[in-house]
Amino acid sequence: MNLLIVNRLQIYYEFIKNHTLISFFIIFTLLIMINIDFLNLKKYFSTKRNIVITTHRSPDGDALGSSLALYNILKELGHIVNIILPNKFPYFLDFLPFSSKAIIFEKETEKSLKLINEVDTFFFLDFNTFSRLDKMSDYVSNKNAYTILIDHHQDSKIQADQSFCDTNICSTAELVYDFIKKMDWNISKESAISLYTGIVTDSGSFKYPTVSSKTHDIVSNLLSFDIDHSLIHKNLFDRSTISRMRLLGKCISTNFKLYSEYNSAIIYLTKDDLKEYRFIKGDTEGFVNFPLSLDGVIFSVFFIEFDDGIKMSFRSKFDFDVNKFARKHFNGGGHKNAAGGKVTDLNLVQTIDYFSSLLSKYKSELS
Ligand SMILES: [Mn+2]
(Lines give C-alpha, C1' and ligand atoms only; values in the text may rest on other atoms or scores of the structure.)
Protein backbone atom coordinates (compact mmCIF):
# COMPACT_ATOMS: atom_id res chain seq x y z
CA MET A 1 0.00 0.00 0.00
CA ASN A 2 1.09 3.54 -0.72
CA LEU A 3 2.95 5.08 2.24
CA LEU A 4 0.83 8.25 2.14
CA ILE A 5 -2.40 6.23 2.46
CA VAL A 6 -0.94 4.23 5.36
CA ASN A 7 -0.03 7.51 7.10
CA ARG A 8 -3.51 8.93 6.53
CA LEU A 9 -5.21 5.79 7.82
CA GLN A 10 -3.06 5.96 10.94
CA ILE A 11 -4.08 9.58 11.51
CA TYR A 12 -7.79 8.69 11.08
CA TYR A 13 -7.38 5.73 13.46
CA GLU A 14 -5.70 7.90 16.10
CA PHE A 15 -8.44 10.52 15.77
CA ILE A 16 -11.26 7.97 16.14
CA LYS A 17 -9.50 6.34 19.12
CA ASN A 18 -9.07 9.65 20.92
CA HIS A 19 -12.43 11.19 19.98
CA THR A 20 -14.80 8.22 19.90
CA LEU A 21 -17.97 10.19 20.61
CA ILE A 22 -17.24 13.00 18.15
CA SER A 23 -16.30 10.45 15.46
CA PHE A 24 -19.54 8.54 15.81
CA PHE A 25 -21.47 11.79 15.73
CA ILE A 26 -19.72 12.85 12.47
CA ILE A 27 -20.29 9.45 10.82
CA PHE A 28 -23.94 9.42 11.95
CA THR A 29 -24.55 12.94 10.59
CA LEU A 30 -22.94 12.01 7.25
CA LEU A 31 -25.16 8.95 6.96
CA ILE A 32 -28.25 11.02 7.75
CA MET A 33 -27.22 13.65 5.16
CA ILE A 34 -26.90 11.01 2.45
CA ASN A 35 -30.24 9.41 3.22
CA ILE A 36 -32.38 12.24 4.43
CA ASP A 37 -33.70 13.32 1.05
CA PHE A 38 -34.81 9.83 0.19
CA LEU A 39 -36.40 9.27 3.60
CA ASN A 40 -38.32 12.51 3.18
CA LEU A 41 -39.16 11.75 -0.43
CA LYS A 42 -40.44 8.28 0.41
CA LYS A 43 -42.67 9.87 3.02
CA TYR A 44 -43.75 12.55 0.56
CA PHE A 45 -44.82 10.02 -2.06
CA SER A 46 -46.62 7.83 0.48
CA THR A 47 -49.63 10.13 0.00
CA LYS A 48 -51.40 10.42 -3.33
CA ARG A 49 -49.87 13.27 -5.35
CA ASN A 50 -50.98 15.26 -8.37
CA ILE A 51 -47.88 15.19 -10.56
CA VAL A 52 -46.83 16.78 -13.83
CA ILE A 53 -43.68 15.53 -15.53
CA THR A 54 -42.17 17.88 -18.05
CA THR A 55 -39.07 18.05 -20.22
CA HIS A 56 -37.38 20.25 -22.82
CA ARG A 57 -38.70 21.48 -26.15
CA SER A 58 -38.15 19.10 -29.08
CA PRO A 59 -37.93 16.12 -26.76
CA ASP A 60 -35.36 13.50 -27.75
CA GLY A 61 -35.18 9.83 -26.77
CA ASP A 62 -33.67 10.64 -23.37
CA ALA A 63 -36.19 13.38 -22.53
CA LEU A 64 -39.23 11.39 -23.60
CA GLY A 65 -37.92 7.99 -22.45
CA SER A 66 -37.11 9.30 -18.95
CA SER A 67 -40.51 10.99 -18.70
CA LEU A 68 -42.48 7.93 -19.83
CA ALA A 69 -40.59 5.56 -17.53
CA LEU A 70 -41.30 7.74 -14.51
CA TYR A 71 -44.90 8.28 -15.66
CA ASN A 72 -45.54 4.54 -15.75
CA ILE A 73 -44.01 3.89 -12.34
CA LEU A 74 -45.75 6.80 -10.58
CA LYS A 75 -49.08 5.80 -12.11
CA GLU A 76 -48.65 2.22 -10.91
CA LEU A 77 -48.06 3.65 -7.44
CA GLY A 78 -51.51 5.29 -7.60
CA HIS A 79 -50.60 8.94 -8.17
CA ILE A 80 -52.33 11.28 -10.61
CA VAL A 81 -49.68 11.75 -13.29
CA ASN A 82 -49.53 13.71 -16.53
CA ILE A 83 -46.70 14.40 -18.95
CA ILE A 84 -46.81 17.81 -20.59
CA LEU A 85 -44.32 18.45 -23.41
CA PRO A 86 -43.72 21.94 -24.83
CA ASN A 87 -44.08 20.54 -28.38
CA LYS A 88 -44.40 17.24 -30.23
CA PHE A 89 -41.72 14.56 -30.13
CA PRO A 90 -40.33 13.09 -33.39
CA TYR A 91 -42.43 10.40 -35.10
CA PHE A 92 -39.88 7.60 -34.58
CA LEU A 93 -40.34 7.75 -30.79
CA ASP A 94 -44.03 6.84 -31.04
CA PHE A 95 -43.19 3.17 -30.28
CA LEU A 96 -42.43 4.06 -26.67
CA PRO A 97 -45.06 2.69 -24.26
CA PHE A 98 -47.61 5.35 -23.21
CA SER A 99 -46.18 7.94 -25.65
CA SER A 100 -49.74 8.67 -26.82
CA LYS A 101 -50.56 9.82 -23.27
CA ALA A 102 -48.17 12.79 -23.48
CA ILE A 103 -49.99 16.11 -23.69
CA ILE A 104 -48.54 18.65 -26.12
CA PHE A 105 -48.69 22.18 -24.67
CA GLU A 106 -48.51 23.83 -28.09
CA LYS A 107 -51.58 21.90 -29.27
CA GLU A 108 -53.57 21.46 -26.05
CA THR A 109 -52.77 24.69 -24.24
CA GLU A 110 -56.00 25.02 -22.27
CA LYS A 111 -55.93 21.44 -21.02
CA SER A 112 -52.25 21.82 -20.10
CA LEU A 113 -52.87 25.05 -18.17
CA LYS A 114 -55.69 23.44 -16.23
CA LEU A 115 -53.41 20.53 -15.25
CA ILE A 116 -50.54 22.86 -14.29
CA ASN A 117 -52.97 24.80 -12.13
CA GLU A 118 -53.99 21.66 -10.21
CA VAL A 119 -50.52 20.22 -9.74
CA ASP A 120 -48.78 19.80 -6.37
CA THR A 121 -45.57 18.19 -7.66
CA PHE A 122 -43.39 18.79 -10.72
CA PHE A 123 -40.72 16.50 -12.10
CA PHE A 124 -38.32 18.46 -14.32
CA LEU A 125 -36.39 16.01 -16.48
CA ASP A 126 -33.41 16.57 -18.77
CA PHE A 127 -33.24 20.38 -18.88
CA ASN A 128 -31.28 23.05 -17.03
CA THR A 129 -33.18 26.28 -17.64
CA PHE A 130 -36.89 27.14 -17.79
CA SER A 131 -36.46 28.83 -21.17
CA ARG A 132 -36.19 25.31 -22.64
CA LEU A 133 -39.88 24.89 -21.82
CA ASP A 134 -40.63 27.61 -24.35
CA LYS A 135 -44.20 28.95 -24.06
CA MET A 136 -44.82 26.78 -20.98
CA SER A 137 -41.91 28.35 -19.13
CA ASP A 138 -43.69 31.15 -17.17
CA TYR A 139 -46.68 29.00 -16.20
CA VAL A 140 -44.43 26.29 -14.78
CA SER A 141 -41.83 28.50 -13.09
CA ASN A 142 -44.50 30.69 -11.43
CA LYS A 143 -46.57 27.79 -10.13
CA ASN A 144 -46.11 27.09 -6.45
CA ALA A 145 -45.46 23.33 -6.19
CA TYR A 146 -42.92 20.84 -4.90
CA THR A 147 -40.21 20.44 -7.54
CA ILE A 148 -37.82 17.60 -8.30
CA LEU A 149 -35.12 18.10 -10.92
CA ILE A 150 -33.32 15.15 -12.53
CA ASP A 151 -30.79 16.26 -15.13
CA HIS A 152 -27.29 15.90 -16.58
CA HIS A 153 -26.79 19.28 -18.36
CA GLN A 154 -24.08 21.69 -17.32
CA ASP A 155 -24.65 25.04 -15.55
CA SER A 156 -28.16 24.43 -14.26
CA LYS A 157 -30.23 27.53 -13.61
CA ILE A 158 -33.13 25.73 -11.95
CA GLN A 159 -33.57 25.86 -8.18
CA ALA A 160 -35.64 22.82 -7.29
CA ASP A 161 -36.72 21.49 -3.90
CA GLN A 162 -34.82 18.30 -4.72
CA SER A 163 -32.08 18.05 -7.33
CA PHE A 164 -30.58 14.84 -8.66
CA CYS A 165 -28.10 16.15 -11.14
CA ASP A 166 -24.80 14.82 -12.40
CA THR A 167 -23.12 16.32 -15.44
CA ASN A 168 -20.76 13.35 -15.76
CA ILE A 169 -23.59 10.95 -16.57
CA CYS A 170 -24.41 10.48 -20.24
CA SER A 171 -28.21 10.33 -19.95
CA THR A 172 -30.98 11.54 -17.67
CA ALA A 173 -32.44 8.03 -18.04
CA GLU A 174 -29.54 6.64 -15.95
CA LEU A 175 -30.23 9.21 -13.22
CA VAL A 176 -33.95 8.35 -13.33
CA TYR A 177 -33.01 4.67 -12.97
CA ASP A 178 -30.91 5.51 -9.89
CA PHE A 179 -33.70 7.65 -8.48
CA ILE A 180 -36.24 4.82 -8.91
CA LYS A 181 -33.88 2.36 -7.22
CA LYS A 182 -33.21 4.69 -4.28
CA MET A 183 -36.94 5.17 -3.85
CA ASP A 184 -37.38 1.36 -3.81
CA TRP A 185 -39.93 1.62 -6.64
CA ASN A 186 -40.47 -1.26 -9.05
CA ILE A 187 -39.32 -1.01 -12.64
CA SER A 188 -41.82 -2.38 -15.18
CA LYS A 189 -41.02 -3.85 -18.58
CA GLU A 190 -42.54 -0.73 -20.20
CA SER A 191 -40.36 1.61 -18.15
CA ALA A 192 -37.32 -0.56 -18.93
CA ILE A 193 -38.00 -0.02 -22.68
CA SER A 194 -38.21 3.74 -22.15
CA LEU A 195 -35.07 3.96 -20.00
CA TYR A 196 -33.09 1.78 -22.43
CA THR A 197 -34.17 4.11 -25.26
CA GLY A 198 -33.03 7.14 -23.25
CA ILE A 199 -29.61 5.62 -22.64
CA VAL A 200 -29.10 4.45 -26.25
CA THR A 201 -30.02 7.80 -27.79
CA ASP A 202 -28.05 10.01 -25.38
CA SER A 203 -24.97 7.82 -25.42
CA GLY A 204 -24.80 7.73 -29.23
CA SER A 205 -25.45 3.98 -29.03
CA PHE A 206 -22.86 3.62 -26.23
CA LYS A 207 -20.06 5.48 -28.01
CA TYR A 208 -19.73 8.78 -26.09
CA PRO A 209 -16.91 9.21 -23.55
CA THR A 210 -19.39 9.58 -20.66
CA VAL A 211 -20.52 5.95 -21.06
CA SER A 212 -19.27 4.05 -18.02
CA SER A 213 -19.31 0.56 -16.59
CA LYS A 214 -22.28 1.76 -14.55
CA THR A 215 -24.12 2.60 -17.79
CA HIS A 216 -23.64 -1.00 -18.87
CA ASP A 217 -24.65 -2.30 -15.42
CA ILE A 218 -27.92 -0.40 -15.72
CA VAL A 219 -28.46 -1.62 -19.28
CA SER A 220 -27.76 -5.18 -18.18
CA ASN A 221 -30.45 -4.84 -15.54
CA LEU A 222 -32.91 -3.31 -18.05
CA LEU A 223 -32.31 -6.21 -20.47
CA SER A 224 -33.28 -8.62 -17.71
CA PHE A 225 -36.86 -7.37 -18.17
CA ASP A 226 -36.87 -9.29 -21.45
CA ILE A 227 -37.10 -6.16 -23.59
CA ASP A 228 -36.47 -6.50 -27.33
CA HIS A 229 -33.39 -4.28 -27.66
CA SER A 230 -32.99 -5.17 -31.31
CA LEU A 231 -36.50 -3.91 -32.07
CA ILE A 232 -35.81 -0.71 -30.11
CA HIS A 233 -32.74 -0.03 -32.29
CA LYS A 234 -34.78 -0.72 -35.44
CA ASN A 235 -37.48 1.67 -34.25
CA LEU A 236 -34.94 4.35 -33.45
CA PHE A 237 -32.63 4.13 -36.43
CA ASP A 238 -34.27 2.22 -39.28
CA ARG A 239 -37.48 4.15 -39.82
CA SER A 240 -36.17 6.86 -42.11
CA THR A 241 -38.64 8.76 -44.26
CA ILE A 242 -37.99 9.52 -47.93
CA SER A 243 -37.89 13.20 -46.99
CA ARG A 244 -35.10 12.48 -44.47
CA MET A 245 -33.03 10.62 -47.07
CA ARG A 246 -33.41 13.48 -49.56
CA LEU A 247 -32.65 16.19 -47.02
CA LEU A 248 -29.51 14.32 -45.96
CA GLY A 249 -28.56 13.97 -49.65
CA LYS A 250 -28.95 17.75 -50.06
CA CYS A 251 -26.73 18.42 -47.02
CA ILE A 252 -24.00 16.06 -48.13
CA SER A 253 -23.97 16.94 -51.85
CA THR A 254 -24.24 20.74 -51.82
CA ASN A 255 -25.01 22.27 -48.41
CA PHE A 256 -21.65 21.37 -46.93
CA LYS A 257 -18.53 23.31 -46.05
CA LEU A 258 -15.21 22.01 -44.79
CA TYR A 259 -12.83 24.26 -42.83
CA SER A 260 -9.78 22.00 -43.00
CA GLU A 261 -7.56 24.58 -41.30
CA TYR A 262 -9.79 24.31 -38.21
CA ASN A 263 -10.72 20.61 -38.47
CA SER A 264 -14.33 21.70 -38.66
CA ALA A 265 -17.23 21.10 -41.02
CA ILE A 266 -20.78 22.37 -41.35
CA ILE A 267 -23.97 21.38 -43.12
CA TYR A 268 -27.12 23.49 -43.47
CA LEU A 269 -30.71 23.46 -44.74
CA THR A 270 -32.61 26.51 -45.92
CA LYS A 271 -36.35 27.15 -45.55
CA ASP A 272 -36.68 26.40 -49.27
CA ASP A 273 -34.88 23.04 -48.89
CA LEU A 274 -37.30 22.06 -46.13
CA LYS A 275 -40.23 22.94 -48.36
CA GLU A 276 -38.84 21.28 -51.48
CA TYR A 277 -38.08 17.97 -49.75
CA ARG A 278 -41.21 18.04 -47.56
CA PHE A 279 -39.52 18.13 -44.20
CA ILE A 280 -41.38 16.61 -41.27
CA LYS A 281 -40.38 16.91 -37.61
CA GLY A 282 -37.63 14.46 -36.69
CA ASP A 283 -36.28 14.18 -40.24
CA THR A 284 -32.97 15.86 -39.44
CA GLU A 285 -32.30 14.08 -36.14
CA GLY A 286 -28.61 13.11 -35.98
CA PHE A 287 -27.61 14.95 -39.20
CA VAL A 288 -24.94 16.86 -37.29
CA ASN A 289 -23.04 13.61 -36.75
CA PHE A 290 -22.34 13.12 -40.47
CA PRO A 291 -19.66 15.83 -40.85
CA LEU A 292 -18.16 14.63 -37.56
CA SER A 293 -17.69 11.16 -39.04
CA LEU A 294 -15.13 12.58 -41.47
CA ASP A 295 -11.56 11.66 -40.67
CA GLY A 296 -9.84 14.61 -38.99
CA VAL A 297 -12.99 16.61 -38.27
CA ILE A 298 -13.39 17.34 -34.56
CA PHE A 299 -16.09 20.04 -34.66
CA SER A 300 -19.30 19.94 -36.66
CA VAL A 301 -22.32 22.19 -36.87
CA PHE A 302 -25.72 21.76 -38.47
CA PHE A 303 -27.68 24.95 -39.29
CA ILE A 304 -31.38 24.77 -40.06
CA GLU A 305 -33.49 27.75 -41.09
CA PHE A 306 -37.03 27.96 -39.68
CA ASP A 307 -39.57 30.80 -39.82
CA ASP A 308 -38.69 31.91 -36.30
CA GLY A 309 -34.88 31.76 -36.60
CA ILE A 310 -31.85 29.59 -37.22
CA LYS A 311 -31.48 26.50 -35.08
CA MET A 312 -28.04 25.00 -34.59
CA SER A 313 -26.66 21.69 -33.38
CA PHE A 314 -23.03 21.46 -32.31
CA ARG A 315 -20.98 18.30 -31.90
CA SER A 316 -17.32 17.73 -31.11
CA LYS A 317 -14.79 15.03 -30.48
CA PHE A 318 -12.18 15.08 -27.72
CA ASP A 319 -11.68 18.29 -25.70
CA PHE A 320 -13.33 20.98 -27.79
CA ASP A 321 -16.12 22.31 -25.56
CA VAL A 322 -19.22 23.03 -27.66
CA ASN A 323 -21.26 23.84 -24.55
CA LYS A 324 -19.02 26.87 -23.92
CA PHE A 325 -18.98 27.79 -27.61
CA ALA A 326 -22.78 27.64 -27.94
CA ARG A 327 -23.32 29.61 -24.73
CA LYS A 328 -20.85 32.31 -25.66
CA HIS A 329 -21.89 32.91 -29.25
CA PHE A 330 -25.26 31.34 -30.02
CA ASN A 331 -27.63 31.66 -27.00
CA GLY A 332 -27.37 27.96 -26.34
CA GLY A 333 -25.64 25.27 -24.35
CA GLY A 334 -25.83 21.59 -23.48
CA HIS A 335 -22.91 19.28 -22.90
CA LYS A 336 -19.19 19.41 -23.63
CA ASN A 337 -19.46 17.35 -26.84
CA ALA A 338 -23.09 18.05 -27.81
CA ALA A 339 -24.97 21.32 -27.61
CA GLY A 340 -27.62 23.42 -29.31
CA GLY A 341 -28.10 27.09 -30.10
CA LYS A 342 -30.46 29.55 -31.73
CA VAL A 343 -30.21 32.86 -33.55
CA THR A 344 -33.19 35.09 -34.28
CA ASP A 345 -31.62 38.36 -35.45
CA LEU A 346 -29.54 37.08 -38.39
CA ASN A 347 -30.49 35.21 -41.56
CA LEU A 348 -28.87 31.90 -42.50
CA VAL A 349 -26.06 33.40 -44.62
CA GLN A 350 -25.23 35.96 -41.92
CA THR A 351 -25.25 33.25 -39.22
CA ILE A 352 -22.85 31.04 -41.17
CA ASP A 353 -20.62 34.06 -41.91
CA TYR A 354 -20.56 34.96 -38.25
CA PHE A 355 -19.74 31.35 -37.33
CA SER A 356 -16.90 31.25 -39.90
CA SER A 357 -15.46 34.47 -38.50
CA LEU A 358 -15.26 32.93 -35.01
CA LEU A 359 -13.18 29.90 -35.98
CA SER A 360 -9.83 31.70 -36.10
CA LYS A 361 -10.21 32.58 -32.39
CA TYR A 362 -10.35 28.87 -31.59
CA LYS A 363 -7.49 27.80 -33.85
CA SER A 364 -5.32 26.43 -31.02
CA GLU A 365 -8.20 24.43 -29.50
CA LEU A 366 -9.22 23.05 -32.88
CA SER A 367 -5.84 21.88 -34.09
MN1 LIG B 1 -30.38 14.04 -22.03
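Numbers at a glance
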{"read-out": "Selection count where residues are away from the ligand (no atom under 14 Å from the Cβ), within 18 Å of PHE130 (Cβ to Cβ) and polar (S, T, N, Q), scope segment 55-90", "value": "1"}
{"read-out": "Single condition SER240 does not satisfy, out of (1) more than 16 Å from the ligand (Cβ to nearest atom); (2) open to solvent by 80 Å² or more (accessible area, probe 1.4 Å); (3) modelled with pLDDT under 95", "value": "(2)"}
{"read-out": "Residue check, VAL176 touching a residue at least 60 places away in the same chain (Cβ under 8 Å), in contact with a strand residue (DSSP E or B) (Cβ under 6 Å, 6 or more places away or on another chain) and in a helix (DSSP H, G or I)", "value": "yes"}
{"read-out": "Helices (runs of 4 or more DSSP H) completely within segment 187-254 that count 3 or more residues being more than 20 Å from the chain's Cα centre (by Cα) and of a type outside the set (Val, Ile, Thr)", "value": "213-223, 229-237, 242-253"}
{"read-out": "Count of residues meeting criterion [open to solvent by less than 10 Å² (accessible area, probe 1.4 Å), in a strand (DSSP E or B) and not hydrophobic (A, V, I, L, M, F, W, C)] in segment 107-156", "value": "2"}
{"read-out": "Residues within segment 309-367 that are more than 29 Å from CYS170 (Cα to Cα), touching a Phe, Trp or Tyr at 6+ places or on another chain (Cβ under 7 Å) and of a type in the set (Val, Ile, Thr), tallied", "value": "2"}
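Okay, residues lined up against (1) open to solvent by 50 Å² or more (accessible area, probe 1.4 Å); (2) modelled with pLDDT under 95; (3) closer than 22 Å to PHE256 by Cα; (4) of a type in the set (Ser, Thr, Tyr):
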residue	(1), (2), (3), (4)
GLY296	no, no, yes, no
ASP307	yes, no, yes, no
ILE310	no, no, yes, no
PHE314	no, no, yes, no
PHE320	no, no, yes, no
PHE330	no, no, yes, no
GLY333	no, yes, no, no
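Let's see how each residue does on (1) of a type outside the set (Ser, Thr, Tyr); (2) outside the structural domain of LYS328 (by TED's automatic domain parsing); (3) away from the ligand (no atom under 16 Å from the Cβ); (4) at pLDDT below 95:
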site	(1), (2), (3), (4)
TYR139	no, yes, yes, no
LYS182	yes, yes, yes, no
SER205	no, yes, no, no
PHE225	yes, yes, yes, no
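The values are calculated or read from the model by the stated rules, or taken from the named source; none is laboratory data. Small disclaimer: the values here were computed from a predicted structure and weren't measured. In this analysis, Cβ positions are derived from the backbone assuming ideal geometry, glycine residues included, and neighbour counts consider all displayed protein chains. We work out accessible area using only protein heavy atoms, side chains counted, and drop any ligands, DNA or RNA first. Shrake-Rupley method; radii C 1.70, N 1.55, O 1.52, S 1.80 Å.
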